[in-house]
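Notes for the one structure printed next.
The values are calculated or read from the model by the stated rules, or taken from the named source; none is laboratory data. None of these values were measured; they are calculated from a predicted model. Note: ideal-geometry Cβ built from the backbone for every residue, glycine included; neighbour counts use all protein chains shown.
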Amino acid sequence: MASIPEGSDEQLFAAYAAGDLRAHEALFRRYQEPLCRHLERMLGERAAAEDLVIETFLRLHRHRRRMRPGAAVRPWIFIIARNLARNRLRAERVQRLIGTLGVETTTAPRSAQGDPALRARITAAFAALPAKQREACSLRLLGDFELEDIAATTGASVGTVKSRLFYGLRRLRTLLREVER
């Protein structure tokens, strides 16, 4: 019984809510990297993204009893993460406005994998998108979300998600056109 349980997200969450801590660990392992990539695109910083992944699962633990039976787990996890990222960005914006932020923030991630110049260009291209397009593109490209999951996570209609993806991906293609050559 030492193995980590497998199954759908909903089965793992139900097992976790019933007291199986291994199921929570399995969910964490399943979502740790996709969440971190998504949050890194939203925040522009790997360390901040890693912090929010931990906070996301802490919130998931605290509010596990609020999960409606039969509801999809994946969008709920990403909604928690999105809200935490938005709160963090809002707090940083307020700090900048009142002049208490003593260090300069950057959109480049601290831990570049592969070609650092390419990674910086991709990060800058994502940062150039409006926030709602950036979120939709990140969930689709980095999280492999379906349109319905993106809609559930962002609270937008599927049509709105399609529009955000269309314009966001078109802008990313334009910004990264030189990279493809």
Residues of region 4-19 satisfying the condition of being of a type outside the set (A, V, I, L, M) and either surrounded by 15 or more Cβ atoms within 10 Å (Cβ to Cβ) or in contact with a Gly (Cβ under 9 Å, 6 or more places away or on another chain) (or both): Pro5, Asp9, Glu10, Phe13, Tyr16
Filtering region 117-169 for residues that are in contact with a Pro (Cβ under 9 Å, 6 or more places away or on another chain) and farther than 20 Å from Val73 by Cβ leaves a count of 6
Of all the helices (runs of 4 or more DSSP H) wholly in region 1-66, which have at least 2 residues that are within 29 Å of Glu92 (Cα to Cα), charged (D, E, K, R) and out of contact with any Lys or Arg (no Cβ under 9 Å at 6 or more places or on another chain)? 21-43, 46-62
Between a residue in region 1-22 that is of a type in the set (Val, Ile, Thr) and any residue that is modelled with pLDDT under 90, which pairs come within a Cβ distance under 6 Å, given they are 6 or more apart or on different chains? none
Condition first: surrounded by fewer than 21 Cβ atoms within 10 Å (Cβ to Cβ), touching a helix residue (DSSP H, G or I) at 6+ places or on another chain (Cβ under 7 Å) and of a type in the set (Ser, Thr, Tyr). Now tell me which residues in region 120-165 satisfy that. Thr154, Ser157
Of the residues that make up region 15-24, is at least one among the hydrophobic types (A, V, I, L, M, F, W, C) and under 20 Å from Ile150 (Cα atoms)? no
When you check Leu97 against the structure, is it farther than 19 Å from Cys137 by Cβ, at pLDDT below 85 and among the aliphatic types (A, V, I, L, M), yes or no? yes
